[in-house]
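This report refers to the structure that appears directly beneath it.
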Amino acid sequence: MNFDAKQADVGSVILPPPMEQRVLDVRGLNFFYGKHQALFGVDLPVARGKITALIGPSGCGKSTLLRTLNKIYDLYPGQRAEGQILFNGENLLGGGEAVEDAPPASGAPINGDNARLRARIGMVFQRPTPFPMSIYENIAFGVRLHRNVSRAQMDEIVETSLTRAALWDEVKDKLDKSGLSLSGGQQQRLCVARGIAVEPEVLLLDEPASALDPLSTAKLETALIELKQSFTIVIVTHNLQQAARISDYTGFMLMGKMVEFRPSGEAFVRPATAAMRDYVTGRYG
Amino acid sequence: MAFNRHLFDRHARRKLVNYGFVGLTMAATAVAVIALLLILWSLVANGLDGIGLHIFTMDQPPPEMPGGLRNAILGSLEMCAIGMVMAVVIGILAGTWLAEYGEGKRLAEVVRFLNDVLLSAPSILIGLFVYEILVRPLHGFSAGAGAVALAFVATPVVTRTTEDILRLQSNQLREAGMAIGAGKSYVIRAIIWRASRPGLVTGALLGFARISGETAPLLFTSLGNPNLSFALTQPMGALPTTIYQFALSAFDDWRALAWVGALLIAITVLAANIIGRALARGSHQS
């Protein structure tokens, strides 16, 4: 794909994945913290089975955008979102009315049930957030919320989840120890394991490596690339190398707007907008 | 040169002021610590001799007769225990509401303010209040009324510490619980309370330490009882009321028992405070 550089420098450049691949499709999203508007007509198409990275300077709205995808923001009374967030073709912000030109439906509808939504869209936070219980119970906690499983099945789920999060070998002999006894990097992978134990379709990660040392970061990235086989991943990161290393699509945001959204390879090699070019070459933020 | 001397003077003056200030704060600390040590010393010096097994096996005696403090010790334990159960249940629920649901609500501000008022209210007023609502209408002093009065004293302590402790938990932990699909109240009960457990225990222990020596709320409610009684509908002996009665008496052996009772209370309060603070410190490290 070739760009007319001059034209591209002006507005925004969005090169989305094909409609039928989009498990999530955000359209014209406005977001408000009380009276303060943080997102302005943002589009974000998320392809199934891919890693989508969101980058941009601090305060550009990338975490805000991520937090709308599982509607975690509605914990806070003053925060609200307007527009469309299509999950498997169903508008999470609507009253159940049909949406024109939507991606194909899949799975049971959410119908405004946040528990059901969050069982299918998991989240890992910036700082590790292990629950104050054993490593085993950390994983079992979420599973029990959504399914009835026998002890033997639970053992299996715990082992598989920890293995997929690349943590099993380090903790298999101390599953009954507190999750808080692990190192920061291990805690973060425990949170990933906890998230995928529920078997969501999408996993949201909000700067998951920002509190980790390089070695822990590498382990986490390896785990994420493995996880791409079974999950769709959306990751917010300040680390451009990380975004370039692991993501398939990259969205660059600036001041609450999606400026550029393209396959990562092209986006990092030849940014289409002046703003992203300045950002990836270090002239911003 | 003149500039340098000026600079030196300024530094010297600052140093002097600093020493003076540090000296004042150290003196103030010394006064407080010495006062505490003197109190403890007088308790030990006067109370230790009287301590023996008979204190725990015999009830309080008539003047000039051998006896112990069993009725008062057990009465104190019973009323404190019942009062603490009430205070912990109400205090933890109220503190949880203030910390987790009261955000930005007018009602929460009012409740928090009233709780602070109750926290510093003279405990004799609480005794009089319970007298009006439980003793007079029911025509009799009772251990139940005493326990309720103690609960009124301990509840604001537990409410306050619960709110403070829950606010220390990060919002990310709450979000993590909800992001996995749990409802808000389940996140609070299964995750936030569990993460705050050492702090909640500390709050309860501080509340207990506060009420174990309270005399005023009991004077108009449980009154005191020289005989051993466990009935909630009857007057009941308690260490503070017995101390109050014995310490003012003209009999040497009664006054000796009062010292023993005071020593027992001091040990209990000290132990509760030390355990409570040790637990609180442990929770910050994990």
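With labels modelled as points extended 7 Å from the Cα through the Cβ direction, what inter-label distance (nm, one decimal) is found for A:ILE225 paired with B:MET65?
8.9
Give the average, rounded to an integer, of partner chain Cβ atoms located within 10 angstrom of each Cβ in B:186-194.
Details: counts 2, 2, 0, 0, 6, 5, 2, 1, 3.
The shielding value for this peptide is 2.
Of the candidates B:MET65, B:MET26, B:MET236, which one comes out as most mobile in a Gaussian network treatment of chain B with C-alpha springs shorter than 10 Å?
Maximum fluctuation in the GNM of chain B, among the listed residues, is at B:MET26.
With no solvent and one equal point scatterer placed on each C-alpha of the stretch B:2-50, evaluate the Debye formula and give log10 I(q)/I(0) for q = 0.24, 0.28, 0.30 Å⁻¹, two decimals.
Results for the stretch B:2-50 at q = 0.24, 0.28, 0.30 Å⁻¹ read -0.83, -0.92, -0.96.
For the Cα atoms of chain A, what angle does the longest principal axis make with the long axis of helix A:151-164, in degrees from 0 to 90, nearest 10?
Its long axis makes an angle of about 40 degrees.
Please compute the average number of Cβ atoms from other chains found within 10 Å of each residue's Cβ in peptide B:164-175.
Taking the mean over all residues of the peptide, I get 3.
Quick one: order A:LEU24, A:LEU65, B:LEU69 by neighbouring beta-carbon count within 10 Å, fewest to most.
A:LEU24, A:LEU65, B:LEU69
Using the Cα centre as the reference, give the magnitude of the dipole from point charges on the C-beta atoms of chain B (Lys, Arg: +1; Asp, Glu: -1; all else neutral), rounded to the nearest 20 debye. Intermediate values should be presented prior to the final figure.
Working: 21 positive and 16 negative charges, 295 e Å.
The calculation lands at about 1420 debye.
Give the shape of chain B as rounded, prolate or oblate, defined through the alpha-carbon gyration tensor: a ≥ b ≥ c are the square roots of its eigenvalues, a/c under 1.5 means rounded, and otherwise the shape is prolate if a/b is larger than b/c and oblate if not.
It is oblate, given that a/c is not under 1.5 and a/b is not larger than b/c.
In whole angstrom, note down how far apart the Cα centers of the stretch A:191-205 and the stretch A:221-273 are.
The two parts, judged by their Cα centres, are 19 Å apart.
Identify which of B:GLY140, B:GLY213, B:GLY276 has the largest mean-square fluctuation in a Gaussian network model of chain B, with springs joining Cα atoms closer than 10 Å.
Of the options given, B:GLY140 has the highest mean-square fluctuation.
Can you give the longest stretch of chain A with no exposed loop site, where a site means GluC sites (Glu not before Pro) in a DSSP loop (not H, G, I, E or B) with at most 15 other C-beta atoms within 10 Å?
For GluC sites (Glu not before Pro) (loop position, at most 15 other Cβ atoms within 10 Å), the longest site-free span of chain A is A:101-285.
Quick one: putting +1 on the C-beta of Lys and Arg, -1 on the C-beta of Asp and Glu, what dipole do you get for the stretch A:91-184 around its Cα centre, in Debye to the nearest 20?
Magnitude of the dipole: close to 280 debye.
Scan chain B and report its longest stretch carrying no GluC sites (Glu not before Pro) that are both in a DSSP loop and have at most 16 other Cβ atoms within 10 Å.
Counting at most 16 other Cβ atoms within 10 Å as exposed, the longest clean stretch of chain B is B:104-286.
Between A:PHE40 and B:GLU103, what FRET efficiency comes out of the Förster formula 1/(1 + (r/R0)^6) with R0 = 35 Å and r the beta carbon distance, rounded to 0.05?
Efficiency for this residue pair is about 0.80.
Could you size up the charge dipole of the protein assembly as shown around its Cα centre, putting +1 on the beta carbon of Lys and Arg and -1 on that of Asp and Glu, and report it in debye to the nearest 20?
1180
Taking the DSSP beta bridges in the protein assembly as shown as the whole, what percent of them are antiparallel, to the nearest 5?
55
Any of A:LYS71/B:LYS105; A:LYS172/A:LYS228; B:LYS105/B:LYS184; A:LYS62/A:LYS177; A:LYS257/B:LYS105 with alpha carbons more than 29 Å apart? Name them for me.
A:LYS62/A:LYS177; A:LYS257/B:LYS105
Per 0.36 nm of contour for each residue apart, how much would the distance between A:ASP248 and A:GLU266 grow if the chain were fully extended, relative to their Cα-Cα spacing?
5.5 nm
Since every read-out is calculated from the coordinates, none of them should be taken as a lab result. This is a predicted model, so every value here is computed, not measured. All Cβ positions, glycine included, derive from the backbone under ideal geometry; neighbour counts span all protein chains shown.
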